[in-house]
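A.B. asks: The structure is given below, and queries will be raised subsequently.
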Amino acid sequence: MPTSWADSISAAENLAAARPKSSYVPPHLRNRPASTDPPAQASYAGPAASSQDQSGYGGPNIGGSRWSGPRNDFRSGYGGGGGRGGGWNNRTGGWDRGREREANPFANDDAEPFVEPENSGINFDAYEDIPVETSGDNVPPPVNTFVEIDLGEAVNQNIRRCKYVKPTPVQRHAIPIALAGRDLMACAQTGSGKTAAFCFPIISGIMRGQFPRPPRPRVAFPLALILSPTRELSCQIHDEAKKFAYQTGVRVVVAYGGAPINQQLRELERGVHILVATPGRLVDLLERARVSLQMIRYLALDEADRMLDMGFEPQIRKIVQQMDMPPPGVRQTMLFSATFPKEIQGLALDFLSNYIFLAVGRVGSSTDLIVQRVEYVQENDKRSHLMDLLHAQRENGAHGKQALTLVFVETKKGADSLEHWLCMNGFPATAIHGDRTQQEREHALRSFKSGNTPILVATDVAARGLDIPHVAHVVNFDIPNDIDDYVHRIGRTGRAGKTGLATAFFNENNSSVARALADLMQEANQEVPAWLSRYAARSSHGGGKNRRGGNRFGGRDFRKDSSFNRGVTDYYGGSNMSSGYGAPGGYGAAAYGGAGVTSAWD
DNA sequence: AAAAAAC
């Protein structure tokens, strides 16, 4: 009986030699010339395995629990050999044809409307000193290159297609941890490359692993679940994951609210390995019994602190603890959060098993890539001041296109009225916020990304995680009351090692964040206006919620606190602190490639 | 106080 894809491969090759017209060929071998014959009986778990062979979750470290018991009831496999629905290839007739029909997710990458200015190569130096801290039991050592991690040829090829040259700090540490099968609590911000950090190990694990067939048709049994707080973020993770999984045979499906559910249901019925979802829609699908979590082996929660802020905790706990998802230890869980407050610590305790803690220093604010400006602007002068800024940068556009400007406001109403006002005054603006329909939201985002509408007015729906290349300028028209939101907002520019500009309109209404703002700017080596320092000194109620006590990280491993001591001496093993990439000789300049090379910063 | 999210 095949126990892994590797075994399946040799079995398939033997079969191919004997019966060239009707052999099963594992998906990742199918670009081999000799293996292009149509499979007669595609099976996800292996070649024509009998139902007796489908033994539970099968992992070596999982035996003994009810989750690994023999399953005799699986019929309709991922390969789509039997049953209606539930399979992969009911529509396309076979793996190969399915693969041919897989849209090329890289197709639009060359259609960029923007021309890179010269000398815009990635500023890797800016990341050299990003501090990284790990702690936990037997932490796998970090890697320095993608080559060291063998993710398989198909994934390696996708890494090249993505033009990733070297892993980011969070990837260097998180990928080996995840590949070792360990649970992970990572404090890292968007922009740190974490999407790839959790996608690569999941894809690799699904390719290598052996899984039972889905037990029922018309119900989706994903092997991996990725939860994220906003619809747009889910879309973005889905788009990226499809690139990483291109031609691996691993199928990625996204489900989120605001969009017609029927199309999502059809996609799910065609088979799904990795499901990316927002919590609300997923709960809906679970209650309709169209998705089952009983085969989940990988769970990733992105922007966990944001999800809790948004009141998702009940839904998340329902999904993770009250449906049919395997418990911690059986599944592998990765929890990503920009900060590590009590509530997240609680989730970590409940969702993770003997996890490794990983903290990566702040990206957006701690580098010099983003020039931060604060200007004193009275409430009534904000619009005309914004107009001045927009006029001033009109000349900066290339090829008749204006540089992209993202304007953050506090309220949905404010977003509507500012968009309207800009348009009335001849500025090509659009807006995105939670009261717009999903269609409007996606249209606004596309129009902005393409440069057709180079001004986007947004609420915090767009503050976190969204990766919009080429945003030259972020304007905090209204300064958020939470300095973390400010950090996330300005992080929409200065992406992928490019420089960016962030301007904030400050007045009396913002005095409560004056201190935090001044400190943050100082930490990022920005010029702090004297008047802001005076505000900061005046409202010196420091030590507020967002003071981090000089910690450059979003949080620390609370298990190391003396108050969290369960009497297990040295159980959590050593703590490693590594600053930057270590030996400078480790990275030849040649590795960075020429101009236009992008890194794996997401 | 506002933002986000299922129908």
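The values are calculated or read from the model by the stated rules, or taken from the named source; none is laboratory data. Model, not experiment: these values are computed from the prediction. Ideal geometry is used to build each Cβ from the backbone, glycine not excepted, and the neighbour counts take in all protein chains shown. All accessible areas refer to the heavy atoms of the entire protein, side chains included, with ligands and DNA or RNA removed. Shrake-Rupley method; radii C 1.70, N 1.55, O 1.52, S 1.80 Å.
A.B. asks: Mind counting the residues in region A:232-291 that are away from DNA strand B (no atom under 16 Å from the Cβ) and touching a Ser or Thr at 6+ places or on another chain (Cβ under 6 Å)?
C.D. replies: Selection size over region A:232-291: 1.
A.B. asks: Another question about this same structure. Restrict the check to region A:326-336 and report whether at least one residue is open to solvent by 10 Å² or more (accessible area, probe 1.4 Å) and within 18 Å of the chain's Cα centre (by Cα).
C.D. replies: Yes, region A:326-336 has at least one match.
A.B. asks: Filter region A:439-454 for residues that are within 16 Å of DNA strand B (Cβ to nearest atom) and either in a loop (DSSP other than H, G, I, E, B) or open to solvent by less than 10 Å² (accessible area, probe 1.4 Å) (or both) and give the result.
C.D. replies: Those that are within 16 Å of DNA strand B (Cβ to nearest atom) and either in a loop (DSSP other than H, G, I, E, B) or open to solvent by less than 10 Å² (accessible area, probe 1.4 Å) (or both): A:Ala444, A:Phe448.
A.B. asks: Which of the residues that make up region A:173-191 are assigned to a helix (DSSP H, G or I) and surrounded by fewer than 23 Cβ atoms within 10 Å (Cβ to Cβ)?
C.D. replies: The answer is A:Pro176, A:Leu179.
A.B. asks: Do you know which of the residues in region A:478-499 that are more than 16 Å from DNA strand B (Cβ to nearest atom) and modelled with pLDDT under 85 is farthest from the chain's Cα centre (by Cα)?
C.D. replies: Per the criteria, the residue is A:Thr499.
A.B. asks: Next up: Sort through A:Leu422, A:Leu404 and tell me the only one that's touching a Pro at 6+ places or on another chain (Cβ under 6 Å) and away from DNA strand B (no atom under 16 Å from the Cβ).
C.D. replies: After ruling out the rest, the residue left standing is A:Leu404.
A.B. asks: Now for a separate question. Inspect all residues belonging to region A:455-477 and state whether any of them is away from DNA strand B (no atom under 12 Å from the Cβ) and part of a helix (DSSP H, G or I).
C.D. replies: No, region A:455-477 contains no residue that is away from DNA strand B (no atom under 12 Å from the Cβ) and part of a helix (DSSP H, G or I).
A.B. asks: Can I ask one more? Where in region A:243-341 are there helices (runs of 4 or more DSSP H), lying wholly inside it, with at least 1 residues that are among the charged types (D, E, K, R) and under 30 Å from A:Gly361 (Cβ atoms)?
C.D. replies: By residue number, A:304-309, A:313-317.
A.B. asks: When residues of region A:192-206 are filtered for being assigned to a loop (DSSP other than H, G, I, E, B) and open to solvent by 10 Å² or more (accessible area, probe 1.4 Å), how many remain?
C.D. replies: Residues meeting the conditions: 0.
A.B. asks: Of everything in region A:259-294, what is touching a residue at least 60 places away in the same chain (Cβ under 8 Å), within 20 Å of A:Pro326 (Cα to Cα) and open to solvent by 10 Å² or more (accessible area, probe 1.4 Å)? Give them in sequence order.
C.D. replies: The answer is A:Ala289, A:Arg290, A:Gln294.
To keep it simple, each residue is scored yes or no on (1) touching a Cys at 6+ places or on another chain (Cβ under 7 Å); (2) under 30 Å from A:His488 (Cα atoms); (3) acidic (Asp, Glu).
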{"position": "A:Val250", "(1), (2), (3)": "no, no, no"}
{"position": "A:Leu265", "(1), (2), (3)": "no, no, no"}
{"position": "A:Glu269", "(1), (2), (3)": "no, no, yes"}
{"position": "A:Ala277", "(1), (2), (3)": "no, yes, no"}
{"position": "A:Ser292", "(1), (2), (3)": "no, no, no"}
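A.B. asks: Can you find, within region A:371-397, the residue that is modelled with the lowest pLDDT among those that are of a type in the set (Gly, Ala, Ser) and open to solvent by 50 Å² or more (accessible area, probe 1.4 Å)?
C.D. replies: A:Ala392
A.B. asks: Here are some residues: A:Ile356, A:Ile344. Which one is closer than 20 Å to A:Asp485 by Cα, in contact with an Asp or Glu (Cβ under 9 Å, 6 or more places away or on another chain) and open to solvent by less than 20 Å² (accessible area, probe 1.4 Å)?
C.D. replies: The conditions single out A:Ile344.
A.B. asks: With respect to A:Pro214, determine if the residue is within 11 Å of DNA strand B (Cβ to nearest atom), of a type outside the set (D, E, K, R) and at pLDDT below 95.
C.D. replies: Here the answer is no, as A:Pro214 does not meet what is asked.
A.B. asks: Next up: Looking at region A:303-321, can you tell me whether even one residue there is closer than 15 Å to A:Ile202 by Cβ and more than 11 Å from DNA strand B (Cβ to nearest atom)?
C.D. replies: Looking for residues that are closer than 15 Å to A:Ile202 by Cβ and more than 11 Å from DNA strand B (Cβ to nearest atom), one finds none in region A:303-321, hence no.
A.B. asks: Next up: Quick check on this structure: which one of A:Val165, A:Val139 is hydrophobic (A, V, I, L, M, F, W, C), open to solvent by 10 Å² or more (accessible area, probe 1.4 Å) and within 23 Å of A:Asp239 (Cβ to Cβ)?
C.D. replies: A:Val165
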